[in-house]
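Below is one structure; the comments refer to it alone.
The values are calculated or read from the model by the stated rules, or taken from the named source; none is laboratory data. All of these numbers come straight from a predicted model, not from anything done at the bench. In this analysis, Cβ positions are derived from the backbone assuming ideal geometry, glycine residues included, and neighbour counts consider all displayed protein chains. SASA here: full protein model, heavy atoms, side chains in, ligands and nucleic acids out. Shrake-Rupley method; radii C 1.70, N 1.55, O 1.52, S 1.80 Å.
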Amino acid sequence: MNKGLLFVTAAMMLSLTAAGYAADAAKAPAKAGWDAAAAARYLDARESWWQGWDRAKRDHGTRCVSCHTQATYAFARPALRTSIGAPAITKEETAMLADVRKRVQAWNQMLPFYSDEVYGKGKEIESRNAEAVLNAIILSNYDVDAGEQSEVTMQAFRHAWELQIATGPDAGAWVWQNFDYAPWESKESQYHWAALMAVQAAREPGSYTGQQDVLEPLKSLRGYLKTHYEAQPLLNKIAALWASGVFSGILSPEQKESLLRRVYSLQRADGGWSRRDGTPLETRSDGYATALIALVLEEAVAGSPHPPALAAARIERALAWLRANQNPETGAWPAWSLNKNRDPESGTGKFMSDAATAYASLALLEWPRHVVYRNAQYGFCVDLPARWAGYEVIEEKWESGTASGGAPASGLKLRFRSPRWTKDDPREDIPILVFTTAQWRLVQKEKLIVSAAPIGPQALAQSESYVFALPPRWNYDNLPGLDDANQIAAGKFLRPNCGSGAR
């Protein structure tokens with residue numbers, strides 16, 4: 001690649017500029033909402049443009065994969081489909097996925113994106129490494145969307161792990177495409193995408209990070225992120241914070257606290273963050289910096305139903321800026337190259353807006369991080385992830401065999417159903433049984449049997465009057481979405497004393 005190609009127009013800040021944020025600063029401008037459908041149209045149009053751009057074309061009828069336009073598109077577009085009620089994969093997504101899968105499946109036949117002969121020594125290795133990581137990240141996002149692993153994604157991960165640096169100071173990372181254009185093609189890009197590789201490996205369905213063949217690569221990756229953290233520019237540290245939310249041991253509590261203090265101090269009076277590298281190109285609040293920081297704060301700091309008040313306040317201000325700054329005509333968010341003065345209306349001038357729009361959409365879609373079901377009759381709440389917005393609750397009864405004293409017993413059974421469930425494509429429900437404390441004592445003594453299984457229900461939480469539990473073998477049918485349901489059920493998603501309120 002030369003300096004006019006692929007990722008090179010995008011620029012990440014080398015430092016975030018302080019705006020003198022004070023508690024009594026003017027409130028960020030707000031507007032009622034944002035247009036998810038317009039954001040989706042913008043991202044689709046940009047993917048279509050990339051597919052047709054002559055300078056993106058490579059061998060075997062494939063295209064060069066891009067960090068700014070395609071990788072971020074893969075993060076955001078599946079979530080947008082659910083949000084706007086159009087669950088079918090779009091033709092733009094289909095084209096991108098076909099291209100990536102073709103290169104993964106014919107990996108040994110594909111030429112590196114950039115040759116040493118044309119672009120300089122080392123460029124073949126750089127482009128091969130970067131592509132392997134990006135392929136895995138892109139395909140894994142669609143595994144997450146489907147709720148199950150795919151073989152081609154496993155192939156992509158294997159290619160990436162095979163190219164992971166094994167020895168030396170950068171062991172655990174990947175040699176990255178470097179044309180001195182941050183954030184996508186520079187030395188600092190190596191750390192940024194290593195952190196996002198950790199995030200995506202953790203998100204991959206099927207308990208991927210527990211598989212024997214990836215334990216050592218992940219250990220090495222964690223070590224790299226930990227030992228190289230202090231030398232990183234601020235937005236790379238933000239990426240490390242994202243990774244620390246899924247892998248322990250990357251950041252110490254002191255490093256996390258120090259980073260958050262710095263990030264909070266740099267939030268501008270309008271609610272956004274800006275990117276600067278010492279050039280006068282642009283100093284306003286920027287959609288890329290604001291969206292990425294807001295998203296990571298949601299993921300890593302405010303990921304519980306009850307985020308720290310300070311984090312929640314900063315996120316709300318950032319989201320107010322994002323709502324106020326979406327272009328109503330294009331659906332995009334403003335972000336600029338700090339490398340070159342580019343025409344923002346040109347194809348290459350929109351690369352930073354591509355990433356900004358993807359991350360802004362995710363940040364806005366996933367806040368609040370949970371949707372809450374409240375049951376006033378029994379006084380409990382269920383916290384479901386934002387992707388379950390529009391879920392259905394099915395009320396049933398559990399019934400037992402003869403209880404102590406000869407009287408049959410029964411109680412409430414609720415099924416929480418994913419909004420993606422259809423008759424033609426059923427997905428795993430999350431069932432919850434409600435017992436009185438007296439009934440639960442009989443269950444524990446095996447005098448009240450609620451299932452033919454040789455094991456009893458699994459208690460989730462208990463209030464003064466009730467016990468809430470998962471039925472035995474509820475997840476043995478292996479429906480699509482099982483990993484998603486298991487992940488929710490494994491957390492503290494049920495609160496037994498959350499007060500009264502409408503369901």
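In nm, give the distance between the simple-model label positions of Ala95 and Thr283, each being 7 Å from the Cα along the Cα-to-Cβ direction. For the pair Ala95/Thr283, the computed spacing is 4.1 nm. For the chain, the solvent-accessible area works out to 42 Å² per residue, with a probe of 1.4 Å and every protein chain left in place.
Could the peptides 163-175, 214-226 be put in order, highest first, of the mean number of other beta-carbon atoms found within 10 Å of their residues?
Values: 163-175: 16.2, 214-226: 18.3.
Going from most to least packed, we get 214-226, 163-175.
Here is how the number arises for the chain: DSSP H runs of 4 or more residues each give -39500 (n - 2.57), the sum is divided by the residue count, and the result at 222 nm is -12500 deg cm²/dmol.
Under a Cβ-Cβ cut-off of 9 Å, what is the net charge of the residues other than Cys64 that fall near it, where Lys and Arg count +1 and Asp and Glu count -1? Net charge in that neighbourhood comes out at +3.
Extending 7 Å from Cα along the Cβ direction at Asn497 and again at Tyr378 yields two label points whose distance is 1.8 nm.
Each Cα pair under 8 Å and six or more residues apart adds its sequence gap; the mean of these over the residue count of the chain is a relative contact order of 18 percent.
Hey, can you rank 232-243, 140-151, 423-434 by average C-beta count inside 10 Å, highest first?
Working: 232-243: 22.8, 140-151: 19.2, 423-434: 17.8.
Order by mean packing, descending: 232-243, 140-151, 423-434.
Length gain on complete extension for the stretch Arg262 to Arg415, per 0.36 nm per residue less the alpha carbon to alpha carbon distance?
So the chain would gain 50.7 nm between Arg262 and Arg415.
Taking a Cβ cut-off of under 11 Å around Pro78, the surrounding Lys, Arg, Asp and Glu residues balance to a net charge of +1, with basic ones at +1 and acidic ones at -1. A crude spin-label estimate for the pair Lys187 and Gln211, with each label 7 Å from Cα along the Cβ direction, gives 3.5 nm. Counted residue by residue at 0.36 nm each, then reduced by the alpha carbon distance between them, the extension gain from Glu395 to Ser115 reaches 94.7 nm.
Quick one: if you take sqrt(5λ) for each eigenvalue of the C-alpha gyration tensor of the range 388-493, what semi-axes come out, biggest first, whole angstrom? Numbers along the way, then the final one.
Working: eigenvalues 141, 39, 32 Å².
Whole-Å semi-axes of the equivalent ellipsoid: 27, 14, 13.
Here is what passes the span test in the chain: the DSSP H helices with alpha carbon length of 27 Å or more along the helix axis and a Kyte-Doolittle mean of -0.5 or above are 123-146. The stretch between Asp35 and Asn108, if pulled fully straight at 0.36 nm per residue, gains 22.0 nm over its current Cα-Cα span.
How large is log10 of I(q)/I(0) for the chain at q = 0.06, 0.11, 0.13 Å⁻¹ when the intensity is taken from the Debye formula with one equal scatterer per alpha-carbon? The Cα Debye sum returns log10 ratios of -0.30, -0.95, -1.27. Using a probe radius of 1.4 angstrom, the carbon and sulfur fraction of the accessible surface of the chain is 49%.
Counting only cysteine Cβ atoms and a cutoff under 4.7 Å, the chain contains unmatched residues Cys64, Cys67. Per residue, the convex hull spanned by the Cα atoms of the range 48-89 measures out at 82 cubic angstrom.
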